[in-house]
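Step one of this worksheet: look at the structure below.
The values are calculated or read from the model by the stated rules, or taken from the named source; none is laboratory data. The structure presented is a predicted model; accordingly, all values stated were derived computationally and were not measured. Cβ: placed from backbone, ideal geometry, glycine included. Neighbour counts: every protein chain shown. Calculation scope for accessible area: heavy atoms of the full protein, side chains included, ligands and nucleic acids excluded. Shrake-Rupley method; radii C 1.70, N 1.55, O 1.52, S 1.80 Å.
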Amino acid sequence: MSANLLKESGPREVFCGLTSIVWLHRRMPDAFFLVVGSRTCAHLIQSAAGVMIFAEPRFGTAILSERDLAGLADAQEELDRVARELLQRRPEIRTLFLVGSCPSEVIKLDLARAAERLNEELSGRVQVVNYSGSGIETTFTQGEDGALAALVPMLPTSDEKQLLLVGTLANAVEDRLITLFQRMGIATVRSLPPRQSTELPPVGEGTCVLLCQPFLGDTARRLRDRGATILAAPYPLGAEGSRLWMEAAAQAWGVDPTTVSDILDPLMQRAKQALEPHRRRLAGQRIFLLPESQLEIPLARFLHRECGMELVEVGTPYLNRELMQAELDLLPDGTRVMEGQHVEQQLDRVRDNRPDLVVCGMGLANPLEAEGIATKWSIELVFSPIHGIDQAGELAELFSRPLQRHQLLHPTAP
């Protein structure tokens, strides 16, 4: 395929990288994410998580006060005090993530030094790790990349032949995928992040990595530096992409293609049936994907090839061509792929093209809806269990539903 790869820069409209804590803290119940930031950071995480009033969450914020920001207080000393009080009150914590934010980075607060100091003090009782969730230069899914990349140096070393699934999946989806791999004869399948932060998978020359998410560039690089092989494949979104993703592992293990077909063909048939009612609504509809989650290119591939949608423009915050090449190869010739963002210019193109559906962040959705353009929130796609062949129908529904809603609200619209 010959995509029209373009790049622009300017003002952006993206969610903060701290948001990734919302799904990471659910994945590892023995971990705690301590954001070192402002009250705004605390409100963002609380709002995004929608934590029930009766639940005690596994994240919190060490608030930087005006004295901290003005350099009138020893922020390192205050951070140590907050961390000690937290660990004393929550003895079940086994891994403490110190998460940098825009305010902590502006005042140059060295969280790596803080993590090192706390690790020495705690003597292995709790592992302290730091990474940046700042939204100054990153988009919201890169918070997970930062967290997983910070874990890679802690992974044990082993040359055992294994398949490592990298990226957070819903537990039920992950269980289903592991079962399918094991039916193919791939006996050892592990995950990063693990379901317990203390049960880190080993890595070494025998490790083959399948990335479950397309936004894990730093993690992939660090795993490769540890000796792992990154398998090239599309991402497991939609029936076709999920099958190609699983076939990449099967080929690396030398699994007989007949065995793979016996296992996956029935799933593909069910997925086709599940997709059909949504395809009838989506086929021929024009879609514009604004950059936010880094899922945009795999989603565009799925929506075009399996749902029949026309791609007006596919935006992505960052384009790692090595990790995305298998996806780019499946896009139709001439697809306009825009890396980066100048939000005013992109909105001008949206208005000029008047697509049937725009995938965008929450901050842009309401203004576009007010202009009569149907929208889909990018962040909902990250929180939903959309990976795997079995989920293809549910994934398509996430796009057919806003079109149906728009038609009900605007029955006279073309």
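Just I263, I373, I45 to compare: in a GNM of the chain, with alpha carbon springs under 10 Å, which one fluctuates most?
Highest fluctuation of the listed residues: I263.
Can you find, among L282, G10, H25, the residue sitting farthest towards the positive end of the charge dipole of the chain, where Lys and Arg contribute +1 and Asp and Glu -1 at Cβ?
Positive-most Cα among the choices belongs to L282.
Could you state how much accessible area K272 has, in square angstrom rounded to the nearest 10, with a 1.4 Å probe and all protein chains kept in place?
It works out to around 130 Å².
If you roll a 1.4 angstrom probe over the protein chains with everything in place, what fraction of the accessible area of the chain belongs to carbon and sulfur, to the nearest %?
Values: 8630 of 17680 Å².
Ligands and nucleic acids excluded, carbon and sulfur give 49 percent.
With +1 on the Cβ of every Lys and Arg and -1 on the Cβ of every Asp and Glu, and nothing else charged, how large is the dipole of region 264-404 about its Cα centre, in debye rounded to the nearest 20? Let's see the in-between values first.
Working: 15 positive and 22 negative charges, 81 e Å.
Charge dipole of region 264-404: 400 debye, to the nearest 20.
What dipole magnitude, in Debye to the nearest 20, does the chain give about its Cα centre under +1 on Lys/Arg Cβ and -1 on Asp/Glu Cβ? Can you show the working numbers first?
Details: 42 positive and 54 negative charges, 132 e Å.
With only Lys, Arg, Asp and Glu charged at Cβ, the dipole is about 640 debye.
For the chain, set up a GNM with springs between Cα atoms under 10 Å and report which of R305, R351, R279 has the largest fluctuation.
Highest fluctuation of the listed residues: R351.
Could you give the dipole magnitude of region 300-370 about its Cα centre, charging the beta-carbon of Lys and Arg +1 and that of Asp and Glu -1, in debye to the nearest 20? Working shown, then result.
On the way: 7 positive and 13 negative charges, 10 e Å.
For this selection, approximately 60 debye.
So what is Rg over Rh here for the chain, counting just Cα atoms and using Kirkwood for Rh? Write down the numbers at each step before the final one.
On the way: Rg = 22.0 Å, Rh = 22.5 Å.
Expressed as Rg/Rh, it is 0.98.
How big, on average over all directions, is the shadow cast by the Cα convex hull of region 301-354, in nm²?
Values: hull surface 16.4 nm².
Mean projected area of the Cα convex hull: 4.1 nm².
Can you list the aspartates and glutamates whose alpha carbon sits under 14 Å from that of K376, skipping same-chain ones fewer than 8 residues off?
E292, E296, D356, E397
Rank by packing, highest mean first: peptides 322-329, 120-127, with packing defined as the count of other Cβ atoms within 10 Å averaged across residues.
Values: 322-329: 17.1, 120-127: 13.1.
Answer by packing, highest mean first, reads 322-329, 120-127.
Which of S261, M246, A233 sits closest to the plus end of the dipole of region 217-266, meaning its Cα is farthest towards the positive end, when Lys and Arg get +1 and Asp and Glu get -1 on the C-beta?
A233
With the chain treated as a Gaussian network of Cα nodes joined by springs under 10 Å, which of T188, T157, T258 yields the largest mean-square fluctuation?
T258
Points 7 angstrom from Cα along the Cβ direction at E8 and D329: gap in nanometres?
With each label point 7 Å from Cα toward Cβ, the separation is 3.0 nm.
Which order do the peptides 162-173, 338-349 come out in when sorted by mean C-beta neighbours inside 10 angstrom, highest first? Before the final figure, lay out the partial values.
Values: 162-173: 20.1, 338-349: 17.2.
In descending order of packing, they fall as 162-173, 338-349.
First check a/c for region 167-289, with a ≥ b ≥ c the square roots of the eigenvalues of its C-alpha gyration tensor; if it is under 1.5, answer rounded, and if not, answer prolate when a/b is larger than b/c or oblate otherwise. Walk me through the numbers on the way to the answer.
Working: a/c = 1.98, a/b = 1.46, b/c = 1.36.
Prolate, since a/c reaches 1.5 and a/b exceeds b/c.
Can you find, among L87, G340, I107, the residue sitting farthest towards the positive end of the charge dipole of the chain, where Lys and Arg contribute +1 and Asp and Glu -1 at Cβ?
The residue sitting farthest along the positive end of the dipole is L87.
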